Amino acid sequence: MMGPQVVPVASDPTCPPDADVVIVGGGIIGTTSALYLAERGLKVVLCEKGHIAGEQSSRNWGWCRQAKRDPREFELIREALRLWRGMDVHIGASTGFTTTGILFAANDAKKEASFADWVRDAAGAGIHAEMLSRAALARHMPGDTKPPPAALWCASDGRAEPQRAAPAIAEAARKRGAIILTDCAVRGVETGGGRVIAAITERGRITTSNVVVAGGAWTRRILADVGIDLPQLKVRASVLRTSPVPNGPAPALWDHDFAFRRREDGGYTLANGHVNVVPIVPDSFRFALPFLPALQMEFASLRLRLGPRFVTEWRESARRAFDEPSVYEAARALDPAPDNGYLRQAFAALQRRFPVFAGARIVQSWAGFIDATPDAVPVISPVDTVSGLIVATGFSGHGFGIGPGAGHLVADLVTGATPIADPAPYRLSRFFDGSRPRPMAGL
(Lines give C-alpha, C1' and ligand atoms only; values in the text may rest on other atoms or scores of the structure.)
Protein backbone atom coordinates (compact mmCIF):
# COMPACT_ATOMS: atom_id res chain seq x y z
CA MET A 1 0.00 0.00 0.00
CA MET A 2 1.11 3.54 -0.59
CA GLY A 3 -0.55 6.74 0.46
CA PRO A 4 -0.79 9.93 -1.55
CA GLN A 5 2.44 11.49 -2.82
CA VAL A 6 3.30 14.31 -0.43
CA VAL A 7 5.71 17.13 -1.22
CA PRO A 8 8.86 16.10 0.69
CA VAL A 9 10.23 18.19 3.54
CA ALA A 10 13.85 17.55 4.50
CA SER A 11 14.75 17.23 8.15
CA ASP A 12 17.01 19.66 9.93
CA PRO A 13 20.24 17.82 10.74
CA THR A 14 20.54 18.44 14.48
CA CYS A 15 18.23 17.83 17.40
CA PRO A 16 18.72 20.79 19.75
CA PRO A 17 19.14 20.25 23.50
CA ASP A 18 16.43 22.75 24.44
CA ALA A 19 13.45 24.66 23.09
CA ASP A 20 10.66 26.94 24.23
CA VAL A 21 8.09 24.62 22.64
CA VAL A 22 8.23 21.09 21.25
CA ILE A 23 5.43 20.11 18.89
CA VAL A 24 4.63 16.43 18.48
CA GLY A 25 3.20 15.77 15.01
CA GLY A 26 3.80 17.25 11.57
CA GLY A 27 0.28 17.43 10.19
CA ILE A 28 -1.72 20.55 9.41
CA ILE A 29 -2.25 21.32 13.12
CA GLY A 30 1.37 20.83 14.10
CA THR A 31 2.80 22.80 11.18
CA THR A 32 0.45 25.77 11.58
CA SER A 33 1.16 25.79 15.31
CA ALA A 34 4.88 25.87 14.52
CA LEU A 35 4.38 28.72 12.06
CA TYR A 36 2.46 30.98 14.41
CA LEU A 37 4.68 30.20 17.41
CA ALA A 38 7.88 30.85 15.45
CA GLU A 39 6.47 34.16 14.25
CA ARG A 40 6.15 35.20 17.89
CA GLY A 41 9.85 34.68 18.43
CA LEU A 42 9.73 31.38 20.31
CA LYS A 43 12.32 28.65 19.81
CA VAL A 44 10.19 25.91 18.26
CA VAL A 45 11.06 22.31 17.49
CA LEU A 46 8.57 20.22 15.52
CA CYS A 47 9.10 16.47 15.74
CA GLU A 48 7.43 14.16 13.23
CA LYS A 49 7.93 10.40 13.53
CA GLY A 50 7.65 9.95 9.76
CA HIS A 51 7.30 12.61 7.08
CA ILE A 52 5.36 15.85 7.16
CA ALA A 53 1.65 15.28 6.46
CA GLY A 54 2.25 11.54 6.29
CA GLU A 55 -1.10 10.57 7.74
CA GLN A 56 -4.55 12.18 7.71
CA SER A 57 -3.33 15.66 6.81
CA SER A 58 -2.48 14.41 3.31
CA ARG A 59 -5.27 11.83 3.05
CA ASN A 60 -8.35 13.97 3.64
CA TRP A 61 -10.74 15.41 1.07
CA GLY A 62 -9.07 18.83 0.94
CA TRP A 63 -12.26 20.67 1.91
CA CYS A 64 -11.95 23.99 3.77
CA ARG A 65 -15.52 24.38 4.85
CA GLN A 66 -17.75 26.33 7.15
CA ALA A 67 -20.82 24.57 5.75
CA LYS A 68 -22.50 22.13 8.12
CA ARG A 69 -20.06 22.77 10.95
CA ASP A 70 -21.03 22.17 14.54
CA PRO A 71 -22.05 25.59 15.97
CA ARG A 72 -19.35 25.18 18.62
CA GLU A 73 -16.83 25.55 15.81
CA PHE A 74 -18.37 28.59 14.12
CA GLU A 75 -16.00 31.21 15.47
CA LEU A 76 -12.85 29.17 14.89
CA ILE A 77 -13.74 28.02 11.37
CA ARG A 78 -14.68 31.57 10.36
CA GLU A 79 -11.21 32.70 11.41
CA ALA A 80 -9.59 29.65 9.81
CA LEU A 81 -11.10 30.51 6.42
CA ARG A 82 -9.81 34.05 6.79
CA LEU A 83 -6.33 32.65 7.40
CA TRP A 84 -6.62 30.23 4.46
CA ARG A 85 -7.52 33.06 2.09
CA GLY A 86 -4.31 34.86 2.92
CA MET A 87 -2.09 31.84 3.52
CA ASP A 88 -0.27 31.70 0.19
CA VAL A 89 0.75 35.35 0.43
CA HIS A 90 1.59 34.97 4.11
CA ILE A 91 4.00 32.07 3.62
CA GLY A 92 5.16 32.91 0.10
CA ALA A 93 4.22 29.50 -1.28
CA SER A 94 1.23 27.69 -2.71
CA THR A 95 -1.11 25.58 -0.60
CA GLY A 96 -3.53 25.20 -3.48
CA PHE A 97 -6.23 27.10 -1.63
CA THR A 98 -9.02 28.53 -3.74
CA THR A 99 -12.56 29.64 -2.99
CA THR A 100 -15.01 27.42 -4.86
CA GLY A 101 -18.06 27.05 -2.65
CA ILE A 102 -19.34 23.80 -1.13
CA LEU A 103 -22.76 22.17 -1.51
CA PHE A 104 -24.55 19.69 0.74
CA ALA A 105 -27.48 17.93 -0.89
CA ALA A 106 -30.81 17.81 0.95
CA ASN A 107 -32.69 14.81 -0.42
CA ASP A 108 -35.71 14.96 1.87
CA ALA A 109 -37.79 17.51 3.76
CA LYS A 110 -36.25 16.64 7.14
CA LYS A 111 -32.72 17.25 5.90
CA GLU A 112 -33.78 20.45 4.15
CA ALA A 113 -35.35 21.79 7.35
CA SER A 114 -32.22 20.86 9.33
CA PHE A 115 -29.99 22.67 6.85
CA ALA A 116 -32.27 25.73 6.89
CA ASP A 117 -31.98 25.86 10.69
CA TRP A 118 -28.20 25.64 10.34
CA VAL A 119 -28.17 28.55 7.87
CA ARG A 120 -29.98 30.74 10.41
CA ASP A 121 -27.58 29.74 13.21
CA ALA A 122 -24.53 30.35 11.01
CA ALA A 123 -25.76 33.82 10.04
CA GLY A 124 -25.69 34.78 13.70
CA ALA A 125 -21.98 33.88 13.75
CA GLY A 126 -21.17 35.91 10.65
CA ILE A 127 -21.12 32.96 8.24
CA HIS A 128 -23.25 33.46 5.15
CA ALA A 129 -24.89 30.43 3.58
CA GLU A 130 -28.16 29.80 1.81
CA MET A 131 -30.56 27.11 0.72
CA LEU A 132 -30.80 26.52 -3.02
CA SER A 133 -33.73 25.11 -4.92
CA ARG A 134 -33.23 22.41 -7.54
CA ALA A 135 -33.35 25.02 -10.28
CA ALA A 136 -30.77 27.24 -8.57
CA LEU A 137 -28.55 24.24 -7.88
CA ALA A 138 -28.35 23.50 -11.59
CA ARG A 139 -26.37 26.70 -12.12
CA HIS A 140 -23.59 25.35 -9.87
CA MET A 141 -23.79 21.71 -10.95
CA PRO A 142 -24.55 21.69 -14.70
CA GLY A 143 -25.03 18.28 -16.19
CA ASP A 144 -26.37 16.62 -13.03
CA THR A 145 -28.98 14.18 -14.32
CA LYS A 146 -30.66 13.72 -10.93
CA PRO A 147 -30.14 16.83 -8.81
CA PRO A 148 -31.50 16.83 -5.26
CA PRO A 149 -34.60 18.91 -4.47
CA ALA A 150 -32.54 21.37 -2.39
CA ALA A 151 -29.01 21.98 -1.14
CA LEU A 152 -27.08 23.96 1.43
CA TRP A 153 -24.67 26.33 -0.35
CA CYS A 154 -21.77 28.17 1.26
CA ALA A 155 -20.11 30.23 -1.48
CA SER A 156 -17.19 31.38 0.69
CA ASP A 157 -15.92 27.87 1.35
CA GLY A 158 -13.01 26.44 -0.58
CA ARG A 159 -10.43 23.76 -1.03
CA ALA A 160 -6.67 23.31 -0.71
CA GLU A 161 -4.25 20.56 -1.70
CA PRO A 162 -3.56 18.29 1.29
CA GLN A 163 -0.40 16.81 -0.21
CA ARG A 164 1.12 20.28 -0.50
CA ALA A 165 -0.36 22.50 2.21
CA ALA A 166 1.26 21.23 5.41
CA PRO A 167 4.69 20.83 3.74
CA ALA A 168 4.54 24.44 2.48
CA ILE A 169 3.56 25.68 5.93
CA ALA A 170 6.34 23.63 7.56
CA GLU A 171 8.93 25.19 5.27
CA ALA A 172 7.54 28.64 6.09
CA ALA A 173 7.84 27.89 9.81
CA ARG A 174 11.46 26.86 9.27
CA LYS A 175 12.20 30.15 7.49
CA ARG A 176 10.90 31.90 10.61
CA GLY A 177 13.25 29.94 12.86
CA ALA A 178 11.46 26.70 13.69
CA ILE A 179 13.45 23.47 13.59
CA ILE A 180 11.73 20.67 11.66
CA LEU A 181 12.78 17.12 12.54
CA THR A 182 11.36 14.28 10.46
CA ASP A 183 11.86 10.58 11.14
CA CYS A 184 12.16 11.71 14.75
CA ALA A 185 9.58 10.21 17.08
CA VAL A 186 8.89 11.69 20.48
CA ARG A 187 9.05 8.65 22.73
CA GLY A 188 7.44 10.42 25.63
CA VAL A 189 6.99 13.58 27.66
CA GLU A 190 9.06 13.91 30.82
CA THR A 191 7.25 15.60 33.69
CA GLY A 192 8.05 16.58 37.23
CA GLY A 193 6.34 18.61 39.91
CA GLY A 194 3.15 18.68 37.84
CA ARG A 195 4.72 20.29 34.79
CA VAL A 196 6.52 19.51 31.54
CA ILE A 197 10.29 19.17 31.83
CA ALA A 198 11.38 17.68 28.51
CA ALA A 199 10.43 15.83 25.36
CA ILE A 200 12.34 12.60 24.88
CA THR A 201 12.94 11.90 21.20
CA GLU A 202 14.67 9.05 19.44
CA ARG A 203 17.42 11.54 18.58
CA GLY A 204 17.85 12.91 22.09
CA ARG A 205 16.32 14.78 25.00
CA ILE A 206 14.95 18.30 24.45
CA THR A 207 14.55 20.34 27.60
CA THR A 208 11.39 22.40 27.36
CA SER A 209 8.57 23.80 29.45
CA ASN A 210 5.93 23.43 26.72
CA VAL A 211 4.87 20.42 24.65
CA VAL A 212 2.05 20.53 22.10
CA VAL A 213 0.66 17.08 21.30
CA ALA A 214 -0.84 17.24 17.81
CA GLY A 215 -0.40 13.59 16.98
CA GLY A 216 -3.72 12.90 15.27
CA ALA A 217 -4.78 9.28 15.70
CA TRP A 218 -1.74 8.67 17.95
CA THR A 219 -2.61 11.34 20.50
CA ARG A 220 -4.52 9.09 22.88
CA ARG A 221 -1.53 6.71 23.04
CA ILE A 222 0.89 9.59 23.69
CA LEU A 223 -1.25 11.07 26.47
CA ALA A 224 -1.82 7.72 28.15
CA ASP A 225 1.83 7.69 29.19
CA VAL A 226 1.32 10.87 31.23
CA GLY A 227 -1.88 9.60 32.83
CA ILE A 228 -4.43 11.31 30.57
CA ASP A 229 -7.30 9.03 29.51
CA LEU A 230 -8.43 10.88 26.38
CA PRO A 231 -11.61 9.39 24.85
CA GLN A 232 -10.60 9.00 21.22
CA LEU A 233 -11.22 6.34 18.60
CA LYS A 234 -10.10 5.83 15.02
CA VAL A 235 -12.35 5.87 11.98
CA ARG A 236 -10.97 4.54 8.69
CA ALA A 237 -11.91 6.72 5.73
CA SER A 238 -11.13 5.86 2.11
CA VAL A 239 -10.54 8.23 -0.81
CA LEU A 240 -9.74 7.95 -4.51
CA ARG A 241 -8.53 10.39 -7.12
CA THR A 242 -9.46 10.40 -10.76
CA SER A 243 -7.78 11.35 -13.98
CA PRO A 244 -8.46 14.91 -15.22
CA VAL A 245 -12.07 15.65 -16.13
CA PRO A 246 -12.41 18.55 -18.60
CA ASN A 247 -15.32 20.86 -17.80
CA GLY A 248 -16.15 19.09 -14.54
CA PRO A 249 -18.00 20.84 -11.68
CA ALA A 250 -16.05 23.58 -9.89
CA PRO A 251 -17.70 23.52 -6.43
CA ALA A 252 -17.42 20.59 -4.04
CA LEU A 253 -20.52 18.49 -3.41
CA TRP A 254 -21.61 16.09 -0.70
CA ASP A 255 -24.47 13.75 -1.45
CA HIS A 256 -25.56 10.46 0.05
CA ASP A 257 -23.69 8.26 -2.42
CA PHE A 258 -20.55 10.33 -3.00
CA ALA A 259 -18.62 13.45 -2.10
CA PHE A 260 -16.18 15.10 -4.48
CA ARG A 261 -14.02 18.14 -5.03
CA ARG A 262 -12.00 19.24 -8.01
CA ARG A 263 -8.22 18.97 -7.71
CA GLU A 264 -5.71 21.46 -9.02
CA ASP A 265 -4.55 18.91 -11.62
CA GLY A 266 -8.07 18.74 -13.09
CA GLY A 267 -8.89 15.40 -11.55
CA TYR A 268 -11.23 14.86 -8.62
CA THR A 269 -10.90 13.62 -5.07
CA LEU A 270 -13.86 11.32 -4.42
CA ALA A 271 -15.20 9.42 -1.43
CA ASN A 272 -18.34 7.58 -0.48
CA GLY A 273 -20.51 10.25 1.08
CA HIS A 274 -22.09 8.01 3.66
CA VAL A 275 -19.74 5.17 4.65
CA ASN A 276 -16.83 5.03 7.07
CA VAL A 277 -15.30 2.00 8.76
CA VAL A 278 -14.69 1.81 12.51
CA PRO A 279 -12.12 -0.82 13.54
CA ILE A 280 -13.05 -2.62 16.77
CA VAL A 281 -10.09 -2.25 19.13
CA PRO A 282 -9.62 -2.54 22.91
CA ASP A 283 -10.50 1.16 23.33
CA SER A 284 -13.84 0.50 21.61
CA PHE A 285 -14.96 -1.23 24.81
CA ARG A 286 -13.29 1.28 27.13
CA PHE A 287 -15.13 4.19 25.49
CA ALA A 288 -18.36 2.45 24.50
CA LEU A 289 -20.50 4.63 26.79
CA PRO A 290 -19.22 8.10 25.80
CA PHE A 291 -19.32 7.18 22.10
CA LEU A 292 -22.77 5.59 22.27
CA PRO A 293 -24.73 8.75 21.28
CA ALA A 294 -22.52 9.24 18.21
CA LEU A 295 -22.85 5.57 17.28
CA GLN A 296 -26.64 5.73 17.54
CA MET A 297 -26.81 8.93 15.50
CA GLU A 298 -24.49 7.75 12.72
CA PHE A 299 -25.17 4.01 12.86
CA ALA A 300 -26.40 3.79 9.26
CA SER A 301 -23.14 5.24 7.94
CA LEU A 302 -20.68 3.32 10.12
CA ARG A 303 -19.31 -0.15 9.44
CA LEU A 304 -17.86 -1.85 12.53
CA ARG A 305 -14.99 -4.21 11.67
CA LEU A 306 -13.00 -6.64 13.80
CA GLY A 307 -9.56 -7.20 12.33
CA PRO A 308 -5.80 -7.10 12.94
CA ARG A 309 -5.90 -3.62 14.49
CA PHE A 310 -7.39 -5.10 17.67
CA VAL A 311 -4.20 -7.06 18.38
CA THR A 312 -1.96 -4.25 17.07
CA GLU A 313 -3.42 -1.66 19.43
CA TRP A 314 -3.45 -4.09 22.35
CA ARG A 315 0.28 -4.63 21.85
CA GLU A 316 0.98 -0.93 21.32
CA SER A 317 -0.69 0.00 24.61
CA ALA A 318 2.17 -1.37 26.71
CA ARG A 319 4.42 1.33 28.14
CA ARG A 320 8.06 1.38 27.15
CA ALA A 321 11.12 2.99 28.69
CA PHE A 322 12.41 6.17 27.08
CA ASP A 323 15.66 4.43 26.09
CA GLU A 324 13.78 1.73 24.14
CA PRO A 325 12.45 2.06 20.58
CA SER A 326 8.85 3.26 20.71
CA VAL A 327 5.72 2.09 18.93
CA TYR A 328 5.92 5.31 16.88
CA GLU A 329 9.25 4.25 15.38
CA ALA A 330 7.71 0.93 14.37
CA ALA A 331 4.89 2.67 12.48
CA ARG A 332 6.25 5.77 10.76
CA ALA A 333 2.95 6.28 8.95
CA LEU A 334 -0.44 4.64 9.35
CA ASP A 335 -1.28 3.40 5.86
CA PRO A 336 -4.41 1.24 6.06
CA ALA A 337 -5.83 -0.48 3.02
CA PRO A 338 -8.64 1.50 1.35
CA ASP A 339 -12.15 0.10 1.18
CA ASN A 340 -12.18 -0.14 -2.59
CA GLY A 341 -15.62 -1.69 -2.81
CA TYR A 342 -17.24 1.40 -1.31
CA LEU A 343 -15.08 3.63 -3.50
CA ARG A 344 -16.09 1.83 -6.67
CA GLN A 345 -19.75 2.20 -5.67
CA ALA A 346 -19.25 5.93 -5.20
CA PHE A 347 -17.44 6.28 -8.52
CA ALA A 348 -20.17 4.39 -10.37
CA ALA A 349 -22.86 6.54 -8.74
CA LEU A 350 -20.96 9.69 -9.73
CA GLN A 351 -20.68 8.56 -13.34
CA ARG A 352 -24.40 7.83 -13.48
CA ARG A 353 -25.27 11.27 -12.14
CA PHE A 354 -22.69 13.27 -14.11
CA PRO A 355 -22.02 12.12 -17.69
CA VAL A 356 -18.94 14.38 -17.80
CA PHE A 357 -17.18 11.75 -15.63
CA ALA A 358 -17.88 8.92 -18.09
CA GLY A 359 -14.34 8.93 -19.49
CA ALA A 360 -12.57 9.36 -16.16
CA ARG A 361 -10.57 6.57 -14.60
CA ILE A 362 -9.44 5.83 -11.06
CA VAL A 363 -5.77 6.76 -10.73
CA GLN A 364 -5.16 5.97 -7.06
CA SER A 365 -6.95 5.15 -3.84
CA TRP A 366 -5.87 5.32 -0.21
CA ALA A 367 -7.20 5.35 3.34
CA GLY A 368 -6.39 7.12 6.58
CA PHE A 369 -7.40 7.07 10.22
CA ILE A 370 -9.57 9.93 11.47
CA ASP A 371 -9.08 10.90 15.12
CA ALA A 372 -12.62 11.06 16.52
CA THR A 373 -13.99 12.34 19.83
CA PRO A 374 -17.40 11.44 21.32
CA ASP A 375 -18.93 14.80 20.36
CA ALA A 376 -17.02 15.18 17.05
CA VAL A 377 -15.55 18.47 18.31
CA PRO A 378 -11.75 18.78 18.69
CA VAL A 379 -9.68 19.18 21.81
CA ILE A 380 -7.49 22.31 21.71
CA SER A 381 -6.63 22.72 25.33
CA PRO A 382 -4.10 22.86 28.11
CA VAL A 383 -3.99 19.82 30.39
CA ASP A 384 -5.05 20.90 33.86
CA THR A 385 -2.91 18.29 35.63
CA VAL A 386 0.31 18.90 33.67
CA SER A 387 1.38 22.52 33.30
CA GLY A 388 2.87 23.27 29.90
CA LEU A 389 1.15 20.37 28.13
CA ILE A 390 -1.28 21.37 25.38
CA VAL A 391 -3.38 18.97 23.31
CA ALA A 392 -4.69 19.59 19.79
CA THR A 393 -6.50 16.53 18.49
CA GLY A 394 -9.86 14.89 17.85
CA PHE A 395 -10.75 16.88 14.74
CA SER A 396 -13.08 14.05 13.73
CA GLY A 397 -12.58 14.28 10.00
CA HIS A 398 -12.71 18.03 9.55
CA GLY A 399 -9.33 19.16 10.86
CA PHE A 400 -7.76 20.15 7.56
CA GLY A 401 -10.09 23.07 6.92
CA ILE A 402 -9.99 24.36 10.48
CA GLY A 403 -6.23 23.72 10.74
CA PRO A 404 -4.89 27.29 10.50
CA GLY A 405 -7.38 28.49 13.10
CA ALA A 406 -6.50 25.61 15.39
CA GLY A 407 -2.77 26.25 15.00
CA HIS A 408 -3.28 29.93 15.76
CA LEU A 409 -5.32 29.03 18.86
CA VAL A 410 -2.54 26.69 20.02
CA ALA A 411 -0.04 29.54 19.70
CA ASP A 412 -2.37 31.79 21.66
CA LEU A 413 -2.68 29.23 24.47
CA VAL A 414 1.08 28.69 24.67
CA THR A 415 1.90 32.42 24.76
CA GLY A 416 -1.09 33.65 26.77
CA ALA A 417 -2.23 35.95 23.94
CA THR A 418 -5.84 36.90 23.36
CA PRO A 419 -7.26 33.77 21.68
CA ILE A 420 -8.38 33.92 18.07
CA ALA A 421 -11.57 32.18 19.20
CA ASP A 422 -13.12 31.23 22.52
CA PRO A 423 -11.26 28.06 23.59
CA ALA A 424 -13.99 26.91 26.01
CA PRO A 425 -15.76 24.54 23.57
CA TYR A 426 -12.47 22.71 22.98
CA ARG A 427 -11.43 22.20 26.60
CA LEU A 428 -10.17 18.73 27.46
CA SER A 429 -11.92 18.81 30.83
CA ARG A 430 -15.36 18.58 29.19
CA PHE A 431 -14.91 14.81 29.06
CA PHE A 432 -14.21 14.56 32.78
CA ASP A 433 -16.41 17.21 34.43
CA GLY A 434 -19.72 15.38 34.10
CA SER A 435 -21.05 17.47 31.21
CA ARG A 436 -21.09 14.42 28.82
CA PRO A 437 -20.80 16.37 25.57
CA ARG A 438 -22.80 15.00 22.67
CA PRO A 439 -22.60 15.37 18.89
CA MET A 440 -25.03 17.84 17.36
CA ALA A 441 -28.02 16.19 15.71
CA GLY A 442 -28.49 16.63 11.99
CA LEU A 443 -24.91 17.61 11.18
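The values are calculated or read from the model by the stated rules, or taken from the named source; none is laboratory data. Please read these numbers as outputs of a predicted model, since none were measured by experiment. Every residue, glycine among them, receives a Cβ derived from its backbone with ideal geometry; neighbour counts consider all protein chains shown. Ligands, DNA and RNA are excluded from the accessible area calculation, which covers all protein heavy atoms including side chains. Shrake-Rupley method; radii C 1.70, N 1.55, O 1.52, S 1.80 Å.
Once both axes come from the Cα atoms, what is the angle between helix 74-91 and the longest principal axis of the chain, in degrees from 0 to 90, rounded to 10?
Helix 74-91 sits roughly 80 degrees off the main axis of the chain.
Which of these values of mean projected area of the Cα convex hull in nm² was calculated from the structure shown: (1) 69.5; (2) 19.4; (3) 22.1?
(2)
Determine, from the Cβ-Cβ distance of Thr415 and Lys146 and an R0 of 45 Å, the FRET efficiency 1/(1 + (r/R0)^6), rounded to the nearest 0.05.
Efficiency at R0 = 45 Å is approximately 0.30.
Express the relative contact order of the stretch 220-358 as a whole percentage, based on alpha carbon pairs under 8 Å and six or more residues apart in sequence.
Reported as a whole number, the value is 27 percent.
Of all DSSP beta bridges in the chain, what percent run antiparallel (nearest 5)?
Roughly 65 percent of the beta bridges in the chain run antiparallel, per DSSP.
Normalised by the number of residues in the chain, what is the relative contact order in percent for Cα pairs under 8 Å and 6+ residues apart?
RCO, the chain: 24 percent.
Just order 120-127, 419-426 by mean Cβ neighbour count inside 10 Å, highest at the front, would you?
My ranking of the peptides, most packed first, is 419-426, 120-127.
Once each part is reduced to its C-alpha centroid, what is the distance from the stretch 122-188 to the stretch 65-88 in angstrom?
9
If I model a spin label at Ala125 and Thr14 as a point 7 Å from the Cα along the Cα→Cβ vector, what separation in nanometres do I get?
Here the answer is 4.5 nm between the modelled labels.
Pairs of Cα atoms under 8 Å, at least six residues apart: use those to get the relative contact order of the stretch 277-325, whole percent.
Relative contact order here is 55 percent.
Within the stretch 354-369, find all residues whose amide N lies under 17 Å from a label point positioned 7 Å from the Cα of Ala138 along Cα-to-beta-carbon.
354-356
The stretch 1-149: D in µm²/s via Stokes-Einstein (Kirkwood Rh, Cα pairs, 10 °C, 1.306 mPa s)?
85
Given the DSSP H assignment, sum -39500 (n - 2.57) over each helix run of at least 4 residues in the chain and divide by its residue total; what's the result at 222 nm in deg cm²/dmol, nearest 500?
-9000 deg cm²/dmol
At 1.4 Å probe size, with every protein chain present, just tell me what the per residue accessible area of the stretch 375-436 comes to in Å².
So the stretch 375-436 comes to 31 Å² accessible per residue, rounded to a whole number.
Between Ala321 and Ile197, what's the calculated FRET efficiency when r is the beta-carbon distance and R0 is 22 Å? Round to 0.05.
The calculated FRET efficiency here is 0.85.
Just subtract the alpha-carbon distance of Glu264 and Gln351 from 0.36 nm times their residue separation and send over the number in nm, one decimal.
Extra length from Glu264 to Gln351 when fully extended: 29.3 nm.
Going through the cross-link list Lys146/Lys234; Lys68/Lys110; Lys110/Lys146; Lys68/Lys146, which pairs have a Cα-Cα distance over 24 Å in this structure?
Lys146/Lys234
List the residues, sorted by chain then number, that are 5 or more residues from Ile23 or on another chain and whose placed amide H is less than 5 Å from its amide H.
Answer set, sorted by chain and number: Val45, Leu46, Cys47, Val212.
Would you kindly state how much longer the chain becomes between Lys43 and Ala424 on full extension, computed as 0.36 nm times their sequence separation minus their alpha carbon distance, in nm to one decimal?
134.5 nm
Could you tell me the calculated FRET efficiency between Gln296 and Thr207, based on Cβ-Cβ distance and R0 = 45 angstrom, to the nearest 0.05?
E(calc), rounded to 0.05, equals 0.45.
Taking all pairs of different Cα atoms in the stretch 137-185, averaging 1/r and flipping that mean, what Kirkwood radius in angstroms comes out?
For the stretch 137-185, inverting the mean 1/r across all distinct Cα pairs yields 15.0 Å.
Cross-link candidates for Lys175: which lysines have Cα within less than 29 Å, leaving aside residues fewer than 8 places away along the same chain?
Excluding near neighbours in sequence, the set is Lys43, Lys49.
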